[in-house]
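Throughout, read-outs are computed from the coordinates displayed, never taken from laboratory work. The model shown is predicted, which means the values in this text are computed figures rather than measured ones. Here Cβ is always computed from backbone atoms with ideal geometry, including for glycine, and neighbour counts include all displayed protein chains.
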Amino acid sequence: MMILLVTLGFDEKFALRAIFRRGLRAGDKVIFVVPEDEDPRAEKAFSTIQQIIYRSIPEVSIERFRVPVKEFSKAVSLMRKLALSLLRSGEKIVLNLSGGQRIVILGVLAGFLSCGASDVEVEVESEDSSALATFPLMIMENIKLDHEDIRILEVLAKSPKRFGEVHSVVGISKSSAWRKLKKLTDLGLIEKVDEEYRLTELGESRITSNF
């Protein structure tokens, strides 16, 4: 099951696209994070989304979570408590931060980052809806790479490699290579395509920034 947490503003389009793009099913949950102070435009957007979900995928549960935008510390504290509760569920968590007030978006990020929510996925759609960025929340943390991690990135920067080639060229055991490759994949620095590991754009930028 999936928990989709959406920062909601006055426009429902970003939220609706996220909901249908993710293909939510029975048992999934959508949590809309909104300012504590009610606004008719935001209420209308939420009502529109609610009606569409109830008609299209009624088995999906909907919640609304209000945060005080004028008390940022309190907002972060509330988001941290929510994040810890959601993480305990063990479900896949996706944060869609395409809409809503900037201070609400920052509160969501700060709340989740403060409790080490490393397995959470983040997605942000551009204002004109022409692009979508997705990345693991952990890349916003202070990522520590050891010399073997960096060596793997260096090797893959030259050309994609299969698992056996990685552990052979880098000179580490198969178990270590598996752990390292999983770590770098989870960080979004590499990806596996047709049995070969290769750098992502994020991985390429990491190599550039380190050397």
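Tabulated data for the structure shown
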quantity: GNM result for the chain, Cα springs below 10 Å: residue of Gly107, Gly116, Gly171 fluctuating most strongly; calculated: Gly171
quantity: Taking Thr134, Thr185 and counting other C-beta atoms within 10 Å, the order from fewest to most; calculated: Thr134, Thr185
quantity: GNM result for the chain, Cα springs below 10 Å: residue of Val34, Val193, Val60 fluctuating most strongly; calculated: Val193
quantity: Overall Cα dimensions of the stretch 2-140 - principal axes, largest extent first, Å; calculated: 36, 31, 29
quantity: Ranking of Arg22, Arg102, Arg206 by count of other Cβ atoms within 10 Å, fewest first; calculated: Arg102, Arg22, Arg206
quantity: Dimensionless Rg ratio for the stretch 74-211, taking C-alpha atoms and the 2.2 N^0.38 Å reference; calculated: 1.20
quantity: Proximal lysines to Lys192, defined as alpha-carbon separation beneath 21 angstrom and excluding residues fewer than eight positions away on the same chain; calculated: Lys92, Lys158, Lys161, Lys174, Lys180, Lys182, Lys183
quantity: Pairwise centroid distance, computed over Cα atoms, of the stretch 10-30 with the stretch 138-188, Å; calculated: 34 Å
quantity: Listed residues Val166, Val122, Val108, most fluctuating in the chain (Gaussian network, C-alpha, under 10 Å); calculated: Val166
quantity: Share of Cα-Cα pairs in the stretch 147-210 lying beyond 20 Å, as whole percent; calculated: 12 percent
quantity: Per DSSP, loop trypsin sites (Lys or Arg not before Pro) in the stretch 53-85 with at most 15 further Cβ within 10 Å; calculated: Lys70
quantity: For Tyr54, Tyr197, order by how many other beta-carbon atoms lie within 10 Å, fewest first; calculated: Tyr54, Tyr197
quantity: DSSP beta bridge pairing in the chain, given as percent antiparallel to the nearest 5; calculated: 35 percent
